[in-house]
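Remarks on the structure that follows.
The values are calculated or read from the model by the stated rules, or taken from the named source; none is laboratory data. Keep in mind that what you see is a predicted model, and the values were worked out from it rather than measured. Glycine gets a Cβ as well: all are built from the backbone with ideal geometry, and neighbour counts include every protein chain shown.
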């Protein structure tokens, strides 16, 4: 089953997709977080037969739900929950910093957003397979 990974920001949504075996996460693209975002996500879900969506939640450094996390959860509740897919959340703290270091030569935020989504999904897949112990779910 393919899994969709999302890094939801105020302006853009980074997207990643896993392979059928749920082993590899690949950056897929970036869409604008606008009034058509739900339509675009639904199209990707249908086209790629997605059954699960993993959404990175930007908890605060203390691990609490802050303003950005509330916005992300609100977006999921109002759009993705109505798309007949299972939704799972994962702590995404530091996922933007990782691609910033890895891809420092890219100045375009759009490039970093899809890699952040891929890191979120990759982390989820490793945790799911039990490769990371004591993972926060």
Quiz item: How many of the residues in region 48-67 are out of contact with any strand residue (DSSP E or B) (no Cβ under 7 Å at 6 or more places or on another chain) and crowded, with 16+ Cβ neighbours inside 10 Å?
Solution: 1
Exercise. Considering only region 1-41, state which residues are in contact with a helix residue (DSSP H, G or I) (Cβ under 9 Å, 6 or more places away or on another chain) and assigned to a helix (DSSP H, G or I).
Key: 37, 38, 41
Exercise. Considering only region 23-52, state which residues are in contact (Cβ under 8 Å) with a residue 24 or more places away in the chain and closer than 11 Å to residue 13 by Cβ.
Key: 28, 29, 30, 33, 37, 38, 41, 44
Practice problem: Kindly provide the set of residues from region 106-135 that are modelled with pLDDT under 80 and surrounded by fewer than 17 Cβ atoms within 10 Å (Cβ to Cβ), ordered by number. | Solution: 106, 107, 108, 109, 110, 111, 130, 131, 132, 133, 134, 135
